[in-house]
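Novice: Here you go, one structure.
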Amino acid sequence: MIPLLLGISFLAFMLVRLAPGGPFDRERRPASPEIERRILEKYHLDEPLLKQYARYLGGVLKGDLGPSLKYRNHSVSDIVIQGLPVSMMLGTCAFLFALGLGLPAGFYAAARQGGFGDYASSLVALCGVCVPAFVVGPFLVMEFAIRRKLFPVALLESPMHLILPTVTLGLYFAGRVARLLREGMLGLRDAEFVVAARAKGMTDVAVLRRHVFRIGVLPVVSYSGPMLADLLTGSFVVENLFQIPGIGVFMVNSSLSRDYTMIVGLVLVYAVLLLMLNLFVDLAYRWLDPRVSYD
Amino acid sequence: MGNCRFKVQGLLALGLATILILSGCGRREPRADVVIINGTDPESLDPAIITALEDYRIVPGLFEGLTRIDPVNAQAIPGLAERWDVDEGGRAYLFYFRPGLRWSTGDPLTAHDVVFSWLRLLDPRTAADYAAQLYCVKNGEAYSTNGITDASRVGIRAIDDLRLRVELNHPVPYFLDLCASPTLSVVPRKTIEALGDQWLQARPLPSSGSHTLEIWRLNDKIRFRKNPLYWDAANTANNTVEFLPVGSPATALNLYERGAADIIWDKDLVPAELLKDLKQRPDFHDFPYIGTYFVRFNTTRPPFHDARVRRALALAVDKRRIVERIIKGGESPAGHLVPTGVANHLAPESLGQDEAAARRLLSDAGFPQGEGFPVFEYLFDSAAGGGSKVHAKIGVELQEMWRRELGVRMELRQMEKKVYLAAQTGLDYDLSRSSWVGDYNDPNTFLDLFLSNNGNNRTGWKDERYDGLMRQANVEQNPRRRSELLRQAESILVAEEAVVIPLYFYRGFQFYDANRISGIHGNILGMNPVRTIRNSEATRTNGGVVHDRDARASAAAGAGKPQ
Amino acid sequence: MTDAGTETSATCENEAGVQGVWRRFAVQRIPLASAIFMTFFVVLVGLWPWIQPHSPQVLGDLQFEPPGPRYWAGTGVHGRDLFSRMMHGAGLSLMVGASGALVSLVIGVSWGSVAGYAGGRVDAVMMRVVDVLYSLPSIIFVVVLITTLESLLKQWFSKSFSPELASSTRFMLLLFGLGSVSWLTMARIVRGQVLSLKNRAFVSASRALGASHAHILWRHILPNLWGVVIVYLTLTVPSVVLYESFLSFLGLGVQPPQASLGSLIAEGASQINSIRVYWWLIVLPSALLATLLLALSFVGDGLRDSLETRDRS
């Protein structure tokens, strides 16, 4: 995992330098080129790239992700420590919401394949997939926060504040989970072990529940790794819309403002999460489908 | 579906969610007296670092300068200095401090603190973007660019604790305005020397302004509390103020509508598509504002090196249509670069709208009916965050106007902000969308952009006459004659040479309920000091304003848990 | 082909090849209707520039005109015909979606199935490559891609081909950029399925009979993957289309005055407010996108059902 993180940080570090414009390029430039040079010098941006990377790595080993180049009075570590828990909280809620809604819907659709129930639940799931968060979010706010005044419009101050962002964020993933589960289960209709179970006289629902679900959920499990990594590191659209102090906004804005240290720092955080989650996913395969081997 | 796995999952989910939610809450504070939606998150609160309007609007609450701004008319009025003498025909200032000034931590605040703050701004190690605001001070520029290292040669000297003498290179009619600029405000020496770049994380943070910094959480909120040791504390109209960084105009409006915020004071946070309707409301306030939207030509690229071509394009623009159909905020079409209403400004000659003349000029330049005119590009940035896509909309209108009137073909080239800036600086464009907001109330803040050697020129345009007129104006002591020189220079810029096409002058917008909120004014700088803003409901309910369920809930939740 | 585990009640005729797939497809009502609708729509979009009553680019004087007999879908801020813009936008978005889907299909499926089937070290390395690519900031990637290649390609195109081709350089780069990030999750999912499939009885049996790896992968594993692949493809299309609108929002996507369906929706989203709603600007583009994607999904479902039977005899 360590060499992998090294590779990722190196690639990210070099990639951001390829993009035109630097962190200190602004609408208004300082009056003298000397000042511009001084700023670069202060943040060691005038050194050769490899030396900069070595310096950065040295800091990371000591647990210091460096100062943010946009928010110059804050260190990247501080920003992550402050924002990540918020994003993770919202992401976890959205993940649970997505599973809580998506799994039953997918199961139901698979059980009623070809019937009205299948089409109805698939239709709902697909709408969740097709209608983007930047439409769902404002719509929910209009209807439930402005018109009915059931929920607050934005900010994060109480559990009530979490509900609309959770739904906005989770709906899209719920739709995908439902579609993937339905498909995973349908693919097994005629698998040998299912036929065997049916031959033993188990009812259809029991077969679905005991045998088919277990293997049919594998695509959802595969998808859960990247999905959860995305959710836990926040969503730009949702955090922007509901003014939630997570790190999702920084994920996008740091790229736009060429905040080099912040970009690489966030990439590292994201990569650690992703690698860990994918490891869990691999373990989950083995648990769900004991025949899975990795050789 | 009586699936037991779902049940277990559901229970687990519920439990986990509860834990998470409980852990995430309870860190909230009671509602502040005044909650202001301030625009995008301030990059810094360090006077030497800040450059953005959002930062500029709130930093004066923490750090004050020798002068401060009168909220009604944006004039500089006495701040830390109670009076001053002007000597040597405007080349020297002697400031007299108020006796007994103190930092919010109780330490005495003296003229020596100003010397430290200003030298820090000039110090190359600080690398302040706006160090140039003190280049008018004797040896200021040399000290800033390493020409001299001896700080005592810079024309800033504390005679004693209460007197400060400043020597300038030449008379600067707007020097007192500069002293009120947040960049030149007074910062705490001890804290800075102890903590370096992290000095703003000190708590308590010594402040020289009307408020102290209580909370600064990125992307979350900034909270000020009244500074009881401020010299004018008796007139501070509120106990606590919160600034919310909001990126989306829709969210800003929603928060305001539900009472979670009292004021919106960023023009980019007013949804452009709703302006027509919003303008009718009693809580909508607008005012002229020191900013101009314009188009830059890259004068190094043919055919735009030819002034006739530039003038032709300028003459063919229907600015009224853009203002009335796209911007809709009551902005006025601009004939020149410096906004109407700026002090010391005389209106220059300007090009109106005259399509026939435009076609003639284009034909003179060798492109009758646009024949043979190369396809060119209009560069603009995406304005992410604001989201009203005004730049793209203006580009679309210009494209169509020039196609219809002149028969020339323009393509739109949208770029992400930093790429756009890099392209503009590197003169890698044909035409480019631009705007400028003045730093102080004088035409110079606009006109010095287009000096040959200014890094913000970005047109490749160099003109001896223009530079000469500007130089002359800079040393001219008679204000009337100075204004006339600036007028001549601006005439060259916008009419004769047409290096830029001014499109419209900005207007500032604020949302607040005037029945409740007072002490906020629309002045040309768009900067209202925090100290004067009063929320009459806040003072009645003793600190916790309650006009919404959300606010009440959060006030109750926060009451027992002081931070 | 006979395998252990596929001896069960085959539902359909034992016809292989395109013809068989088509025959099985044509009996399904909803998928067939969806396919016809999609075909009709694609043809309409293709022909639209010649039959349009209003050009999508021409500015009009009627701003924010609600839908009516003149402007079927109303007009927006510039007084341009929204219906024409939707048709053009749908064309762009379908291209974006199709290219994303194609890359997912070709690279994602082969990468994932090889990794899963080979297992062990090969799998570990291949999946780590996916993780690395997945971790890199995609916005920066697109910025670098566009800024470094756009002007080069543009010059080359306008010299060697036509200026028209040159002006679509950005769009081609966009397709490339979107494609290169869209296959990663597909590879993960496919690899997970293969891990589970390769130990199923029919694969083991075939292996015992001495079938080559390529044969097993092609004849036994892939046919059992189609379902998940097709479903995930139908999920990839909307995500690519919406990601494109996000990039457009950041100034990296489709260039104005053109607009993709996604960016029309993004533009329309600002119309959802408490003051005044020009509903058509958000409802109509959203409805069109949802309809297209639904139809696509139903076609996918039908295709899956017709393909799946292939291996069962």
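The values are calculated or read from the model by the stated rules, or taken from the named source; none is laboratory data. Please read all numbers here as calculations on a predicted model, not as lab measurements. Neighbour counts are summed over all protein chains in view; Cβ atoms, including those assigned to glycine, are modelled from backbone coordinates with ideal geometry.
Novice: For residues that are buried (at least 16 other Cβ atoms within 10 Å of the Cβ), of a type in the set (D, E, K, R) and at pLDDT below 50, tally how many sit in the range B:506-563.
Specialist: 2
Novice: Among residues belonging to the range A:106-149 that are among the aromatic types (Phe, Trp, Tyr) and crowded, with 24+ Cβ neighbours inside 10 Å, point out the one that is modelled with the highest pLDDT.
Specialist: A:107
Novice: Let me ask something else. Right, residue A:69: under 21 Å from residue B:43 (Cβ atoms) and not assigned by TED's automatic domain parsing to the domain that holds residue A:245 or not?
Specialist: Answer is yes for this residue.
Novice: Quick check: anything in the range B:355-374 among the hydrophobic types (A, V, I, L, M, F, W, C), within 30 Å of residue C:148 (Cβ to Cβ) and buried (at least 20 other Cβ atoms within 10 Å of the Cβ)?
Specialist: Scanning the range B:355-374, I find at least one residue that is among the hydrophobic types (A, V, I, L, M, F, W, C), within 30 Å of residue C:148 (Cβ to Cβ) and buried (at least 20 other Cβ atoms within 10 Å of the Cβ), so the answer is yes.
Novice: Residue A:170 versus (1) surrounded by 24 or more Cβ atoms within 10 Å (Cβ to Cβ); (2) facing chain C (nearest Cβ under 10 Å): which is the lone unmet condition?
Specialist: The one condition residue A:170 does not meet is (2).
Novice: Show me the helices (runs of 4 or more DSSP H) entirely contained within the range A:194-295 in which 1 or more residues are modelled with pLDDT under 90, within 8 Å of chain C (Cβ to nearest Cβ) and more than 16 Å from the chain's Cα centre (by Cα).
Specialist: Where helices (runs of 4 or more DSSP H) fall fully within the range A:194-295 and carry at least 1 residues being modelled with pLDDT under 90, within 8 Å of chain C (Cβ to nearest Cβ) and more than 16 Å from the chain's Cα centre (by Cα), they are A:213-216, A:218-232, A:248-256, A:260-288.
Novice: If you check every pair at least six apart or on different chains, which have Cβ atoms under 7 Å apart with a residue in the range B:280-295 that is farther than 23 Å from residue B:393 by Cβ first and a residue that is of a type in the set (Asp, Glu) second?
Specialist: Within 7 Å, the pairs are B:283/B:513.
Table: residues versus (1) over 30 Å from residue A:224 (Cβ atoms); (2) at the interface with chain A (Cβ under 10 Å from one of its Cβ atoms).
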| site | (1), (2) |
| --- | --- |
| C:127 | no, yes |
| C:135 | no, yes |
| C:150 | yes, no |
| C:165 | yes, no |
| C:178 | no, no |
| C:192 | no, yes |
| C:200 | no, yes |
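Novice: Name the residues in the range B:385-434 that are modelled with pLDDT under 90, within 13 Å of chain A (Cβ to nearest Cβ) and assigned to a strand (DSSP E or B), would you?
Specialist: If the condition is that a residue be modelled with pLDDT under 90, within 13 Å of chain A (Cβ to nearest Cβ) and assigned to a strand (DSSP E or B), then B:415 is the only one that fits.
Novice: Okay, moving on. Here is a list of conditions, (1) crowded, with 18+ Cβ neighbours inside 10 Å; (2) more than 11 Å from chain B (Cβ to nearest Cβ); (3) touching a residue at least 40 places away in the same chain (Cβ under 8 Å), and residue A:10 meets all of them except one; can you say which number that is?
Specialist: So residue A:10 meets the others, but not (1).
Novice: Just need a number here: residues in the range B:28-65 that are of a type in the set (D, E, K, R) and within 9 Å of chain A (Cβ to nearest Cβ).
Specialist: Of the residues in the range B:28-65, 4 are of a type in the set (D, E, K, R) and within 9 Å of chain A (Cβ to nearest Cβ).
Novice: Could I ask something else about it? Of the residues B:348, B:374, which is of a type outside the set (A, V, I, L, M) and either out of contact with any helix residue (DSSP H, G or I) (no Cβ under 7 Å at 6 or more places or on another chain) or not assigned by TED's automatic domain parsing to the domain that holds residue B:489 (or both)?
Specialist: Going through B:348, B:374 in turn, the sole match is B:374.
Novice: Could you please let me know if residue B:252 is in contact with a Leu (Cβ under 6 Å, 6 or more places away or on another chain), in a loop (DSSP other than H, G, I, E, B) and within 14 Å of another protein chain (Cβ to nearest Cβ)?
Specialist: Taking the combined requirement at face value, the residue does not satisfy it.
Novice: Next up: Filter the range C:33-83 down to the residues that are more than 14 Å from every other protein chain (Cβ to nearest Cβ), surrounded by 14 or more Cβ atoms within 10 Å (Cβ to Cβ), closer than 24 Å to residue C:302 by Cα and not β-branched (Val, Ile, Thr) and list them by number.
Specialist: Of everything in the range C:33-83, those that are more than 14 Å from every other protein chain (Cβ to nearest Cβ), surrounded by 14 or more Cβ atoms within 10 Å (Cβ to Cβ), closer than 24 Å to residue C:302 by Cα and not β-branched (Val, Ile, Thr) turn out to be C:35, C:37, C:38, C:41.
Novice: Related question: Would you say residue B:215 is in a strand (DSSP E or B) and surrounded by 22 or more Cβ atoms within 10 Å (Cβ to Cβ)?
Specialist: It is false that residue B:215 is in a strand (DSSP E or B) and surrounded by 22 or more Cβ atoms within 10 Å (Cβ to Cβ).
Novice: Within the range B:113-163, restricting attention to residues that are in a helix (DSSP H, G or I) and of a type in the set (Asp, Glu), which residue is farthest from residue B:186 (Cα to Cα)?
Specialist: Applying the filter and picking the extreme gives B:141.
Novice: Considering the range A:43-62 alone, what residues qualify as being hydroxyl-bearing (Ser, Thr, Tyr) and outside any helix (DSSP H, G or I)?
Specialist: Result: A:43, single match.
Novice: Okay, moving on. Considering only the range A:37-66, state which residues are touching a Phe, Trp or Tyr at 6+ places or on another chain (Cβ under 7 Å) and under 24 Å from residue B:136 (Cα atoms).
Specialist: Listed by number, the list holds a single entry, A:39.
Novice: Also: Pull up the range B:455-480, narrow it to residues that are of a type in the set (S, T, N, Q) and not in a loop (DSSP other than H, G, I, E, B), then point me to the one that is surrounded by the most Cβ atoms within 10 Å (Cβ to Cβ).
Specialist: Selected residue: B:474.
Novice: Scan B:335, B:329 and give me the residue that is over 22 Å from residue B:272 (Cβ atoms) and touching a residue at least 24 places away in the same chain (Cβ under 8 Å).
Specialist: Result of the check over B:335, B:329: B:335.
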